[in-house]
Amino acid sequence: MTAYIFRRLLQAIPLVFGILTLVFVILQVAPGDPMAIYMHPSVAPEVLEQMRENYGLDQPVHIQYVRWLKSFLSGDLGTSLTQNRPIAAILAERIPNTLLLSGTSLLLIFAIGIAIGIVQAVRQHSKLDHALTLGALFIYSMPSFWLGLMLILILAYRVHWVEWWPEALKFPPSGMDSVNYDLLSTWGKFTDRLDHLVLPSIALGVSSAASVARYTRSSMLEVIRQDYIRTARAKGLPERTVILKHALKNALLPIITLLGLYLPFLFSGAVLVEVVFAWPGMGRAIYDAIQQRDYPTVMATTFVFAVMVVIANLIADILYAVVDPRIRYERERR
Amino acid sequence: MSASGGNGSRKRLSAAALLPGLPQLLRGQRRAGLSLVALALSMLAVLVFGFDRVLATFTVGRIDYWVAFLTLLAGLAAAWWLGVSWGRGSSEDSAAGASQWAIAWREFEKNRPAMLGLYLMVALYLVTLLAPYLTSYEPSVIVDDIMRVRHLAPSQDHLMGTDKYGRDVYTRILYGARISLSIGFIAVGISIALGTLVGAVSGYFGGVVDAVLMRFVDTLISFPRLVLLITVIALFQPSILVVVVVLGLTLWPSTARIVRGEVLSLREREFIEAARALGLGSPRIILRHIIPNVLGPVIVAATLGLGNIILIEAGLSFLGLSAPPPTPSWGNIITDGREYLVEAWWVSTFPGLAIVFTVVSFNLIGDGLRDALDPRLRV
């Protein structure tokens, strides 16, 4: 097992290099002078030259590349042009927020997706099954940012006009916490944060949940047909136990691989959803940086996003190997 | 087919001239008949209700009016021509003589959701091409005093209301379809062509070539798509051209992976061995013998990718990184409405619905194609 994890880690290294190189190439190919934002009639050309030298922009490309690699690998992501502080510090504030949002979404995706998938598989070809398939098709085809806006419109504003609507189902339209957040008790803080999480995590996750449901359904249908399930039924186990204990375990195996597959997708969606809900995460950071033409921040955030995907894939692969001994064995022999 | 010579033929001709699809309906071919009737009636409706718009084609002289005019003519011609010729002497081909594509089409035809998707798609493209005839407003022109026409709720005059500048939302969605659909189409074209080529080369040659190309693909796939896209597009000033090219150049890796997987197994087959034994060069083997055999999965990936790209483009233009402002696109209409979401819900809601229906129809077609083109599922 250790050998497998180790090998998998080794495979990730060239990937990180590839990502760094690609980001560097994009920066080099892009038109425009990185010094352009400092150009101003009141700034002397000598000062610009000096700054160019300070940033190492007068060096040949390959030296710039090596420097870039060195600084990124040592955790120095450069300085934000607009906030005048290290990008690493800015991102350190933002990453937990994005992880919180996508983590909640991920939980939601798998909980809802698997539950619906099981129901569909157990009641295959029923009216309920068809209705859920149709619903999933529509949800799967929805842009997350639009769904977010609709959720805000209905569940944060319109419901206030409805008298009988329960207070607990009215949600805040944006932000991460209420104005009085700092004054709340620990429990109050927790529920307040949770309240703010509901709409964005639904907007972000619901389309992936639809596709998890689809995968669970087909994987469950495959498992249910197998002999050991018939055996379990034959020895008189209640249907509930057969499905939830015997079938589900094996049906869930392939679903774990989806975890790694959805993360890049989820992060993409996070950019849009964070903009819609004014959620102060990395997606919001990269959007603001683009609006302000703060390119070093844009590039660093892109890099961090990609590295997070690599790490997530690593975790998903290792999880898969832990759960399914066959994979471990096969891959170790190769 | 039936011996409909002389008298019968003349009767059918006159029935077809009266209304295309009528002879098909009389013969019991309901699907062909109904679709022809629908096509003919909708074209006639456009001609009758939008008659002054059609006449305006000759005075305005804008290219989109001419495109709409040609579409109208082509639609009418197709309806009547098909009305006469459809279902005559065909559909009698035995299974032995049918090509692979004909078999796939027959499978596809039986799939009702997929056919629904196909009809939706055809309707969507017709509407897009006919846009100037379907509305009496212009997408980016403010007609009246802005304070009187802004944020009007949906009504008979403005089917989907007006936005903060008093522009008709329905008109903007019609014209926006053009941007969303054509960007999607071209970008999918680029990414499919590139992905197929890279995948085929990678799978066919194997070894170092494969390793290098696939590591590159892995790297590209590690970036969250939208993040990579907004980064690159932001660096090169957003314009429609940049968006199309960048979308095309960043979305090919998944196709490359699919194609490579297929080619890996094709490579070992006898007919490739035979081609090699004949002394054919690698480019010829790849282009003439390998690529035609992976077209099935590629077409499926393209249709599903089309829906996906429309979603991504909508996201980009929502962030202001696609077609620049006065030009409507579904994403930026939603952005326009976002500020006044509560006061004027219609501005953001309707373009979103347009996106959902478009993507649903592409997904339905894609699923249908997958079932039709995969012989393993056919047994």
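Relative to the present Cα-Cα distance, how much length would full extension add between B:Asp64 and B:Ala277 at 0.36 nm per residue of separation?
So the chain would gain 71.3 nm between B:Asp64 and B:Ala277.
Treat the count of other C-beta atoms within 10 Å as a stand-in for reagent exposure and order A:Val162, B:Val84, A:Val43 from fewest to most. Spell out each step's value before the answer.
On the way: A:Val162 9, B:Val84 15, A:Val43 12.
If I rank by nearby Cβ atoms, fewest first, I get A:Val162, A:Val43, B:Val84.
Close amide H partners of A:Thr79, meaning residues 5 or more places away or on another chain with modelled amide H under 5 Å apart, are A:Ile87.
At an R0 of 60 angstrom, the distance between the Cβ atoms of A:Asp324 and A:Arg52 translates into a FRET efficiency of 0.65.
The chymotrypsin sites (Phe, Trp or Tyr not before Pro) found in region B:191-244 include none that occupy coil by DSSP while having at most 11 further C-beta atoms within 10 Å. A Förster radius of 60 Å, combined with the Cβ-Cβ distance separating B:Gln156 from A:Asp288, puts the computed FRET efficiency at roughly 0.90. Translational diffusion coefficient of chain A (Stokes-Einstein, Kirkwood radius from Cα pairs, 4 °C, 1.567 mPa s): 55 µm²/s. Straight Cα distances below 26 angstrom link A:Lys189 to the lysines A:Lys170, with same-chain residues fewer than 8 positions distant left out.
Here the relative contact order of region B:146-377, from alpha carbon pairs under 8 Å that lie six or more residues apart, stands at 26 percent.
Both radii were evaluated on the Cα set of region A:53-202; the Rg over Rh quotient, with Rh as the Kirkwood radius, amounts to 1.15. Over every Cα atom in region A:255-313, the radius of gyration and the widest Cα-Cα span, Dmax, amount to 12.3, 40 Å. Every pair of different Cα atoms in the protein assembly as shown enters the Kirkwood calculation, which places the hydrodynamic radius at 28.9 Å.
Computed from Cα atoms, the angle from the helix A:45-54 axis to the main principal axis of chain A rounds to 50 degrees.
Here the 3J(HN,Hα) profile of region B:124-141, calculated from phi with Karplus coefficients 6.51, -1.76 and 1.60 at θ = phi - 60°, is 4, 5, 4, 4, 4, 5, 8, 2, x, 7, 9, 8, 9, 10, 9, x, 10, 10 Hz, Gly and Pro shown as x.
Out of all Cα-Cα pairs in region B:146-377, roughly what percent, to the nearest whole number, are more than 28 Å apart? Summing the P(r) of region B:146-377 above 28 Å gives 43 percent of all pairs. Based on DSSP H segments of at least four residues, each scored -39500 (n - 2.57), the protein assembly as shown has a per-residue ellipticity at 222 nm of -23500 deg cm²/dmol.
Label-to-label distance for A:Met1 and B:Ala78 is 6.1 nm, based on points extended 7 Å past Cα in the beta-carbon direction. Annotation: for a label point projected 7 angstrom from Cα along Cα→Cβ of B:Ser99, residues of region B:296-317 with backbone N closer than 20 Å are B:296-303. Shown for region B:171-248 is the translational diffusion coefficient from the Stokes-Einstein equation, using the Kirkwood radius over Cα pairs, a temperature of 10 °C and a viscosity of 1.306 mPa s: 111 µm²/s. Using the Cβ of B:Val201 as centre and a radius below 15 Å, the other residues enclosed give a net charge of +4, where K and R count +1 and D and E count -1. Using R0 = 35 Å, the C-beta based FRET efficiency linking B:Ala123 and A:Leu261 works out to 0.60.
Between A:Asp76 and B:Leu41, the simple spin-label model (points 7 angstrom out along Cα→Cβ) gives 7.4 nm. Each Lys or Arg adds one and each Asp or Glu takes one away; over the other residues whose Cβ falls under 14 Å from the Cβ of B:Ala256, this sums to 0.
Kirkwood radius and radius of gyration were both taken over the C-alpha atoms of region A:177-334, and their ratio Rg/Rh is 1.11.
Per-residue shielding of A:262-275, expressed as the average number of other chain Cβ atoms within 10 Å of the residue Cβ, stands at 4.
Can you bin region B:8-83 into rounded, prolate or oblate? Criterion: square roots of the alpha carbon gyration tensor eigenvalues sorted a ≥ b ≥ c, rounded for a/c under 1.5, prolate for a/b above b/c, oblate for the rest. Note, shape of region B:8-83 comes out prolate. Look at A:Val273, B:Val212 and count the other Cβ atoms within 10 Å of each Cβ; fewest to most, that gives B:Val212, A:Val273. The protection proxy used here, the mean number of other Cβ atoms lying within 10 Å of each residue, ranks peptides B:365-374, B:17-26, A:175-184 as follows, highest first: B:365-374, B:17-26, A:175-184.
The residue among B:Ile285, B:Leu319, B:Leu226 whose Cα reaches farthest toward the positive pole of the charge dipole of region B:146-377, with charges on the beta-carbon of Lys, Arg, Asp and Glu, is B:Ile285.
Counted by neighbouring Cβ atoms within 10 Å, the residues A:Ile286, B:Ile312 run from fewest to most as B:Ile312, A:Ile286.
Here the simple spin-label model places points 7 Å from the Cα toward Cβ, and for A:Trp164 and A:Ala88 these points are separated by 5.9 nm. Counting only other residues whose beta carbon sits under 12 Å from that of B:Tyr133, what net charge do I get with K and R as +1, D and E as -1? So the environment of B:Tyr133 carries a net charge of -1.
Read the figures in this text as sums done on the coordinates, not as results from a lab. Computed from a predicted structure; not experimentally measured. Neighbour counts run over all protein chains shown; Cβ positions are idealised from the backbone, glycine included.
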